[in-house]
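Report on the structure given below.
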Amino acid sequence: MDLALLIGMSAASLTTIAFLPQVIKAFKSKHTKDLSLLMYLVLSFGLVLWLCYGILMNSLPVILANSVTLSFSLFLVYLKTKYG
């Protein structure tokens, strides 16, 4: 594995894992009052664009990180609309 891919995969892993505490907390508590629906909608749209970019550039770290983070973000949107 070359250095650029290693750095990309490390960065992708860390930024994706950073979403887990919020997802877990919102799921367990069913409390989403303090989450901004607009922020997560805009973030989700940005993640879709990053995913498209990753696919066009054939960049595995960008594709993986943004696919997983998009699923986390959309799950938070779902929880916000259900419990918000």
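Tabulated values for the structure
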read-out: Restricting region 1-26 to residues that are in a loop (DSSP other than H, G, I, E, B) and hydrophobic (A, V, I, L, M, F, W, C), the residue that is farthest from residue 40 (Cα to Cα); value: 1
read-out: Positions within region 35-65 being assigned to a helix (DSSP H, G or I), touching a residue at least 24 places away in the same chain (Cβ under 8 Å) and surrounded by 14 or more Cβ atoms within 10 Å (Cβ to Cβ), in sequence order; value: 40, 41, 43, 44, 47, 61, 62, 64, 65
read-out: Selection within region 1-13 - more than 17 Å from residue 71 (Cβ to Cβ) and either hydroxyl-bearing (Ser, Thr, Tyr) or loosely packed, with under 12 Cβ neighbours inside 10 Å (or both); value: 1, 2, 3, 4, 6, 7, 10
read-out: Enumeration of residues in region 26-77 that are among the hydroxyl-bearing types (Ser, Thr, Tyr) and farther than 30 Å from residue 7 by Cα; value: 29, 32, 36
read-out: Qualifying positions in region 64-84 - more than 15 Å from residue 28 (Cα to Cα) and aromatic (Phe, Trp, Tyr); value: none
read-out: Considering residues of region 31-61 that are polar (S, T, N, Q) and under 22 Å from residue 10 (Cβ atoms) only, the residue farthest from the chain's Cα centre (by Cα); value: 58
read-out: Tally of residues being of a type outside the set (A, V, I, L, M, F, W, C) and modelled with pLDDT of 95 or more across region 33-48; value: 4
read-out: Of all residues in region 14-30 being surrounded by 13 or more Cβ atoms within 10 Å (Cβ to Cβ) and in contact (Cβ under 8 Å) with a residue 40 or more places away in the chain, the one that is farthest from residue 83 (Cα to Cα); value: 15
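The values are calculated or read from the model by the stated rules, or taken from the named source; none is laboratory data. This one's a predicted model, so the numbers in the text were calculated from it and none came from an experiment. Methodologically, a virtual Cβ is constructed for each residue, glycine included, from the backbone with ideal geometry; neighbour enumeration extends over all protein chains shown.
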